[in-house]
Amino acid sequence: MDSEGRLVNPAVAKSLSDKLKPAKTAVVRKTETVPKKMAQPRAFSLADIQLEASNKYGFSAQETLDTCQSLYEIHKAASYPRSDCQYLPESQFNDAPKVLAAIAKTCPTLKELALKADPSIKSQTWNDKKITAHHGIIPTQLPVDWAALNEREQKIYELIGRRYLAQFFPVHQFNSCSIDLELGGETFIGKGKTVTALGWKIVYQNQTDPDNDKTESDQILPSVKSGDILKVLKTETKNELTKPPAYFTEGTLIAAMEKIHTVVDNPEYKKYLKEGDGIGTPATRAAIISELKRKGYLETKGKKICASSDGVELLKLVPELVRNPILTAVFERKLRDVESGKSTLSSFIESQQKFILQEINKAKAIDNGLQ
């Protein structure tokens, strides 16, 4: 097996296949059914809705931000969008009936769900302890004329409204099932799940599921018990190829910028990047991507976003430290020292100037060496 748990030795695969093919029956050694619950998805942060809109509609991060901003500023239909928070203040819980009524009056596709929603259900999204400078993005209590919204505004409002509605339906419940079989002296495990209460997932029927449980198979397992003998219909060996990592979309790139600490090994730098919002802020990440596209370092291919040939060449020329996210952590640490009084702003600026001049001189030296 390789590091990912895949069988990569053809001889072993053939040996195993030859061993299993004569077996005509399999014995059930163990079955297990575990009831599980899945809580409602949290409210949108800006990064979350940029990811959702990118995946579902192919919107760029800037398009989603601009649309959220117009819903907030022009139509007064949604709350402040430049938020990194997924939670809602408990003081706004009692406003739910008015917000639900506004959704029903505004969005035709959500009207029926809004009327079925139970405003007495209080999900884990309502949590004062988790509120930062701003709360999650939600619809306001102000109904608006649906026809007054352009197509992009309608799509973004529906995303926001659907996520809010999910808070007022019960938790999703299902049974996680597994069956252990003995076949030809080997153990095989089948996994699946059976939904027992749809709950909030009714809001996302035929829609993108924000909390799809990727660890469980959706297959329905047969009802069996320990000791049962099952007939083997066939055994099969599949030859497959690994796939390269998927290209970023603007949504997944925003998420990666936010969680850049996950790819940094140094514990101290990881901590600063996690506490400091990663690369950029909710308000600036879309602008960073737009600027890189404007300068020709990034290009889009459908929903995919890729480094251009100029971008690749730039990365080859830029010093490793400059292109490393650790540099952001170093700056964060220095700024924290300024904030706490351990250092001064002038000393920070002075060190930045020194660093920039040092890197420029290195680049000049390389350039002169090539001439």
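The values are calculated or read from the model by the stated rules, or taken from the named source; none is laboratory data. Keep in mind it's a predicted model, so treat the numbers as computed, not measured. Cβ coordinates were reconstructed from backbone atoms using ideal geometry, including for glycine residues, and neighbour counts include every protein chain displayed. Note: accessible area is taken over every heavy atom of the protein model, side chains too, but ligands, DNA and RNA are not part of it. Shrake-Rupley method; radii C 1.70, N 1.55, O 1.52, S 1.80 Å.
Data table
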| quantity | calculated |
| --- | --- |
| Distant-in-sequence amide H partners of PHE44 (H built 1.01 Å from N, under 5 Å) | ILE137 |
| Table column - 3J(HN,Hα) (Hz), the range 223-228, Karplus curve with 6.51, -1.76, 1.60, x for Gly and Pro | 7, 9, 9, 4, x, 4 |
| Sites LEU241 and SER346, calculated FRET efficiency, Cβ-Cβ separation with R0 45 Å, nearest 0.05 | 0.20 |
| For ALA78, residues with placed amide H under 5 Å, excluding near neighbours | TYR72, THR140 |
| Efficiency of FRET from Cβ geometry, SER91 and LYS30, R₀ 41 Å, rounded to 0.05 | 0.25 |
| Where only C-alpha atoms are counted, convex hull volume of the range 1-140 per residue in Å³ | 252 Å³ |
| For the range 77-150, the fraction of alpha-carbon pairs in successive 10 Å shells from zero, as % | 19, 47, 30, 4 |
| Residue of PRO81, PRO35, PRO325 that the Gaussian network model of the chain assigns the largest fluctuation, springs spanning Cα pairs under 10 Å | PRO35 |
| Full-stretch length increase - ALA39, ILE74 - with 0.36 nm per residue and alpha-carbon distance subtracted | 9.3 nm |
| Total charge dipole magnitude, the range 249-371, about the Cα centre, Cβ charges on Lys, Arg, Asp, Glu only, Debye to nearest 20 | 200 debye |
| Rounded accessible area of TYR72 (nearest 10 Å², 1.4 Å probe) | 80 Å² |
| Candidates ALA61, ALA39, ALA47, ranked by Gaussian network fluctuation over the chain, Cα under 10 Å, top entry | ALA39 |
| Rounded FRET efficiency, nearest 0.05, which uses the C-beta distance separating ALA197 from LEU317 and R0 of 51 Å | 0.35 |
| Rounded to 5, percent antiparallel among DSSP beta bridges of the chain | 95 percent |
| Dipole magnitude of the chain about its Cα centre (Cβ charges: Lys, Arg +1; Asp, Glu -1), debye to nearest 20 | 760 debye |
| Coordinate range along principal axes, alpha carbons of the range 259-317, Å, largest first | 34, 27, 19 |
| In order through the range 157-166: 3J(HN,Hα) via Karplus (6.51 cos²θ - 1.76 cosθ + 1.60), integer Hz, x for Gly, Pro | 4, 5, 4, 5, x, 5, 5, 5, 4, 4 |
| Per residue value of the accessible surface for the chain (all protein chains in place, 1.4 Å probe), Å² | 60 Å² |
| Dimensions (Å) - the range 62-195, Cα atoms, principal axes, largest first | 68, 33, 30 |
| Around ALA11: net Lys/Arg minus Asp/Glu count, Cβ-Cβ under 13 Å | +1 |
| Percent RCO, i.e. relative contact order, over the chain, from Cα pairs under 8 Å lying at least 6 residues apart | 20 percent |
| Shape call, the range 255-371: gyration tensor on alpha carbons, a/c limit 1.5 | oblate |
| Mean ellipticity per residue at 222 nm, deg cm²/dmol - from DSSP H runs of n ≥ 4 across the chain, formula -39500 (n - 2.57) | -12500 deg cm²/dmol |
| Portion, in percent, of the accessible area of the chain that falls on carbon or sulfur, probe 1.4 Å | 53 percent |
| Rg over Rh, two decimals, the range 152-277 (C-alpha only, Kirkwood Rh) | 1.09 |
| Backbone HN-Hα couplings from phi across the range 64-81 [Karplus 6.51/-1.76/1.60, Hz, Gly and Pro as x] | 5, 4, 4, 5, 4, 5, 5, 4, 7, 7, 7, 9, 6, 9, 9, 6, 3, x |
| For LEU298, residues with placed amide H under 5 Å, excluding near neighbours | LYS293, SER308 |
| Cα-centred dipole magnitude for the range 58-204, charges only on beta-carbon of K, R (+1) and D, E (-1), debye, nearest 20 | 340 debye |
| Nearby lysines by direct alpha-carbon distance to LYS293 (threshold 25 angstrom, same-chain neighbours under 8 apart not counted) | LYS56, LYS155, LYS259, LYS301, LYS303, LYS304, LYS316 |
| Farthest toward positive dipole pole in the range 247-291 [+1 Lys/Arg, -1 Asp/Glu at C-beta], among ASN266, ALA255, ILE289 | ASN266 |
